[in-house]
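Novice: Below are the structure tokens for one structure; questions will follow.
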Amino acid sequence: MAKMTVKEDICKGCGLCVEVCPKKIIHLSKEKLNAKGYSPAEVLEMEKCIGCAMCAMMCPDCAIVVEK
Ligand code: SF4
Ligand code: SF4
């Protein structure tokens, strides 16, 4: 199963990964704030991730790691 991980303290909550994900499973956290004060991206239904890595390619801060 594919797994996407966000380095939360690098994420600036820009939402580009949210837009690009073909499965629409990335959201900006409604509960967490990172050390910079941003709502980090998170995946709630990881079982739907297809490991396409579009999110990782789109992230301007290289905050996403995708493992297949
Ligand atoms: S790897 Fe693809 S399917 Fe998985 S979270 Fe990233 S953009 Fe979405
Ligand atoms: S694209 Fe990168 S910086 Fe922007 S919300 Fe997603 S993980 Fe955070």
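Every number in this text was worked out from the coordinates using simple rules, so none of it is lab data. Here the structure is a predicted model, which means the values were calculated and not measured. Cβ atoms come from the backbone with ideal geometry, glycine included; neighbour counts cover every protein chain shown.
Novice: Over 18 Å, how big is the tail of the calculated P(r) for region 1-57, in percent of all Cα pairs?
Specialist: Values: 408 of 1596 pairs.
Value for region 1-57: 26 percent of Cα pairs lie more than 18 Å apart.
Novice: Additional query: Taking only DSSP H segments of four or more residues, each worth -39500 (n - 2.57), what value at 222 nm results for the chain once the sum is divided by all its residues, to the nearest 500 deg cm²/dmol? Don't jump to the answer; show the numbers that get you there.
Specialist: Values: 2 runs with 10 residues, N = 68.
So the helix-based figure for the chain works out to -3000 deg cm²/dmol.
Novice: Let me ask something else. Looking only at Cβ-Cβ distances, which cysteines of the chain have no other cysteine closer than 4.7 Å?
Specialist: Cysteines lacking a close Cβ partner in the chain: 11, 14, 21, 49, 52, 59, 62.
Novice: For residue 7, give me every one of the lysines with a C-alpha distance below 16 angstrom, ignoring sequence neighbours fewer than eight places off in its own chain.
Specialist: Within the straight-line limit of under 16 Å, residue 7 reaches these lysines: 32, 36.
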